[in-house]
Structures are given as structure tokens and as C-alpha cells.
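Below is one structure; the comments refer to it alone.
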Amino acid sequence: MAETKNPQGLVFAGKKRAGQDEFDGNDDFIVTKKAMVPPSSVWEDPAAALAAARHEFGEHGGVNMSIEASAMFTVMEPETMRRMFSGELGPDRDFFIYSRHFNPTVLNLGRQMAALEGTEAGYCTASGMSAISSVILQLCGSGGHVVASRILYGGTHALLTHFLPRACNINTTFVDIGDLEAVKNSIVEGKTKLLYFESISNPTLTVANIPELSRIAHEKGVTVVVDNTFAPMVLSPAKLGADVVVHSITKFISGGGDIIAGAVCGPASLVNSMMDLQQGALMLLGPTMNAKVAFELSERIPHLGLRMKEHCRRAMAYATNMKKLGLKVIYPGLEDHPQHELLKSMANKDYGFGGLICIDMETEEKANRLMHHLQNCSQFGFMAVSLGYYETLMSCSGSSTSSEMDPEERAVAGISPGLIRMSVGYLGTLSQKWSQFEKAFSKMQESGGLFYKN
Ligand SMILES: *Cc1c(COP(=O)(O)O)cnc(C)c1O
């Protein structure tokens, strides 16, 4: 084994971490472009980008990266500390201070997320909400204005409607992002800092025209932030024109239903500004991801593509079959979905149309009756919030994840009281699971009289 010098000046016998780049003289970026962008940087697909990204080996040559489970990092020379705090020496050269700032393991997960989304940099946070709130706070100071889609995850909607106006004097105009004129007219030049929307919206599965929305925003100097939680691998918003992509890793990317986590993917200058010791929202508000969690998640990203394909394949099969049963199904893979062609034109090849389906049962009572049978009579899935799990999850959005919105807001957003949001799992065989659905559906019709004659 070669004797190597660790970056902070300690000498030890060990293996140099494979693939580690020598300092190339550019210390503006926490993640140098050289490390981030695959050599043939023609964007093909997120899976190709992930495979081309730097692979981190363990400290002892392990195939997996080591977990840097340290809150703080030592130096050999007192002068090194001063240079780190002045910003002269940073994580791009493997100099670390304290893990709320940068932790090598969390940074590696951020690199994977950046590769996945095709952005220059990425950083991971303790939740999706902290990624979202930190980005908004970083880009939008007091008095700033946001234009946002009127259909958003309930937490984000509440953040923009209630919390940010009260706590920070940041105000939002909500628009139908399908109406490009309305979006354009809502932007107040000089005042509007960002345009915020979801690539595929929660819960109505409306697909955003990312290239057009980005063009409109950029014409007026507005930054585009896209929540891509519903469509990792399927859509790559940054490659379609968006500036920043945020994620709730909690959902598909984790896939285990066991971890709350988030990510911000965007230009290195934004990620660096969010970690600034004086002005950084991530640094100063501190929604830090634990290194052990980062390691765990990093092991799941390599099979995200396979999982997404199977989520999507089954969702497509169910949606087609449900429609044949006469149910009112909303699924972007169906030709009758208003943005079916749009999604087809934007999506990465061969993943499909997303892992979520909505069934509009019109009333909450009917929605509840169907979910009851699906869970308790045939074990088709679980009644639970969230998405991206290997089991199918179902919830009635109006009375659960979108209950932060008042009834009028829900009506405007097109969330019917009987809307069931279904996150399609991949456990079991397709035929086994579909027969469970059919069984529950016919039981429901027997018990409740002729369901569609009500
Ligand atoms: C769940 C979710 C969030 C919030 O993420 P957390 O990880 O729960 O904080 C944000 N946006 C969307 C679209 C979500 O589904």
C-alpha cells in the first residue's frame, strides 16, 4: 500500500481514494465541473449520467464509499483552520470543517443527485420541505414575490400561502401553469424572483410544460424551481430548461418508506451560496442530513431506474384496466390525459409515465368504500399517505395530504372530494395484484348496491 497524505496534512498508510481528482486550481465550486460532468457530456439519460459519475470507493478499497460519521474534522496546522474559514480551502479539495456545513458522505450523495438531474451540483437535506423552504429563502429575500402553480403539495402550498408571508414578507401569486399567458402576466418584473411548480403535480397529475414555462420565466429574469418528486428518472427538468430541481427523497428515490430526506440540485453557485457561513440558508437554518442516512440512500440510487420502470409499467397496466372497468382514471400515460403528448415529448426514453394514478370516485364516501375493500378485503394495497413505496399506497387527497388547502382552493386546483391518489407498488405479480383489485371492486359493488347507479 502506498503511503498517502490525507488532504488535511496527516500522513498515513492507505489507499488513495479511487477517482479522486487532484485540485485543478478552481476553488469557486464545491463540486468542480471536472468531477461532475461525464467526459462525453452529451446528455443521454439519467441512468447513463449516474453510471458516468465518479464512483466513491471505501477508505480501505471497499466497493462502497465509507461513511464519514464525524461532526467535525481535524487539521495538522493551525494555519489550515484559518484558511478553511476564509474559504481558501474547501470541500472541493477535501478540506472539511463541520458537518452542518459539508460532510463528505452527504456531499457524495449530492453528487449522485446532481448526476441524476443533470445539474452542476447537488446537496442533500433532512427533508423535502427543508430543501424547498431553503431554496425559496435563498432566492427570495424579504419583499420578494413568487409565482407558483396553484396545484402543489399541501406542505409547499401552506408554506407559500401562510408561513412565508407572515414570517418573511414573501408573497405568492398562484396560477394555472397550463395557462402560459396567465403565468406571463403574473410575473412582476424586478419583483418576482422565482417561478415554482411541480413537474407532475400532486395530487392531480397535471404535467408542466417545463421548456415553455422556463422560457417565459427566463425572458423576465425569473429563476425556475421545479419539484421533481413525482418523476425522478422519468423527467429531467434541468435538461428541459429549469434552473433548480428540488426533491423529496423520502418518496421514490428512497423507495423504502423509512427515511425522510430531500435534495437541492442546481448551479454550483446556488449550492455554494446556500452553504455560505454568513448568508447560506442551509448552513444557517441547519436542515442537515446525517452521514449514515446519506450512505443508506446512496446505495438505493443505483436501482432507482429499475424501480421507476416497474412502478410505471404497473401503473400503466392498472390505469388501462381500471378504465375498462368504467372508473374515472387520471393517468398521464393514457391518451385521454390532457398532457399525454406533452409528457411523451419531454420524458426520458423507456421509463414510462410515472408511478401514480388518480381515481376520481366523486364523493369521499365512495372513495373510502373502495379503499376499505382494497386494503381489508383483498390486500391490494395500504391506506397511507406518501408515495414511491414497493407496496401500493392509497389516500383520499382532499381529506389527507391536501387538507392544508381549504375547500375552495381544492376546487380551484381540481381536487375532487372523492379523488383517490394511488402510488403503484411493484411487490407481487401483476396478475396477482390486478385480481386483488378486481375482487375488491366487485365486493364493493355487491355491498354498496350498484355503485354507478347512485
Ligand atoms: C412529500 C412531498 C414533499 C415534502 O417532502 P418531505 O420529504 O415530506 O419533507 C414535497 N413535495 C412533494 C411533491 C411531495 O410529494
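Side notes on the structure shown:
- A residue that is surrounded by 13 or more Cβ atoms within 10 Å (Cβ to Cβ), assigned to a loop (DSSP other than H, G, I, E, B) and modelled with pLDDT under 95 cannot be found anywhere in the range 103-117.
- Filter result for residue 132 (at negative phi, near the ligand (Cβ under 10 Å from one of its atoms), in a helix (DSSP H, G or I) and crowded, with 24+ Cβ neighbours inside 10 Å): yes
- Single residue of the range 207-237 satisfying the filter (under 20 Å from residue 140 (Cα atoms) and small (Gly, Ala, Ser)) that is surrounded by the most Cβ atoms within 10 Å (Cβ to Cβ): 217
- Members of the range 339-359 that are in contact (Cβ under 8 Å) with a residue 60 or more places away in the chain, closer than 28 Å to residue 384 by Cα and over 20 Å from the mean Cα position of the chain (by Cα): 339, 359
- Selection count where residues are within 16 Å of the ligand (Cβ to nearest atom) and under 18 Å from residue 243 (Cα atoms), scope the range 168-194: 2
- Residues within the range 71-113 that are within 23 Å of residue 296 (Cα to Cα) and in contact with a Lys or Arg (Cβ under 6 Å, 6 or more places away or on another chain), tallied: 0
- Per-region count, the range 176-215, residues out of contact with any strand residue (DSSP E or B) (no Cβ under 6 Å at 6 or more places or on another chain), under 22 Å from residue 412 (Cα atoms) and of a type outside the set (Ser, Thr, Tyr): 11
- For the range 351-359, the criterion of being of a type in the set (Phe, Trp, Tyr) and under 23 Å from residue 416 (Cβ atoms) is satisfied by at least one residue.
- Looking only at residues of the range 251-272 that are β-branched (Val, Ile, Thr) and surrounded by fewer than 24 Cβ atoms within 10 Å (Cβ to Cβ), we find that the one that is farthest from the chain's Cα centre (by Cα) is 259.
Conditions tested, residue by residue: (1) free of Cβ contacts under 8 Å to residues at least 40 places away in the same chain; (2) within 16 Å of the ligand (Cβ to nearest atom).
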{"site": "240", "(1), (2)": "no, no"}
{"site": "247", "(1), (2)": "no, yes"}
{"site": "251", "(1), (2)": "no, yes"}
{"site": "261", "(1), (2)": "no, yes"}
{"site": "265", "(1), (2)": "no, yes"}
{"site": "278", "(1), (2)": "yes, no"}
{"site": "281", "(1), (2)": "no, yes"}
{"site": "328", "(1), (2)": "yes, no"}
{"site": "333", "(1), (2)": "yes, no"}
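- Single residue of the range 135-145 satisfying the filter (surrounded by fewer than 24 Cβ atoms within 10 Å (Cβ to Cβ) and among the aliphatic types (A, V, I, L, M)) that is nearest to the ligand (Cβ to nearest atom): 137
- Residues located in the range 204-238, provided they are within 19 Å of residue 421 (Cα to Cα) and of a type in the set (Gly, Ala, Ser): 208, 231
- Count of residues meeting criterion [more than 19 Å from residue 243 (Cβ to Cβ) and either in a loop (DSSP other than H, G, I, E, B) or away from the ligand (no atom under 15 Å from the Cβ) (or both)] in the range 146-160: 3
- Test: residue 66 is among the hydroxyl-bearing types (Ser, Thr, Tyr), touching a residue at least 12 places away in the same chain (Cβ under 8 Å), surrounded by fewer than 20 Cβ atoms within 10 Å (Cβ to Cβ) and within 16 Å of the ligand (Cβ to nearest atom): no
- Considering (1) modelled with pLDDT of 95 or more; (2) among the small types (Gly, Ala, Ser); (3) in a loop (DSSP other than H, G, I, E, B); (4) more than 16 Å from the ligand (Cβ to nearest atom), the lone condition that residue 231 does not fulfil carries the number (4).
- The lone criterion from (1) surrounded by 22 or more Cβ atoms within 10 Å (Cβ to Cβ); (2) free of Cβ contacts under 8 Å to residues at least 60 places away in the same chain; (3) out of contact with any Cys (no Cβ under 9 Å at 6 or more places or on another chain); (4) farther than 25 Å from residue 197 by Cβ left unmet by residue 425 is number (2).
The values are calculated or read from the model by the stated rules, or taken from the named source; none is laboratory data. Just so we're clear, the structure is a prediction, and the values are computed from it rather than from any experiment. Reconstructed Cβ throughout: ideal geometry from the backbone, glycine too, with neighbour counts over all protein chains shown.
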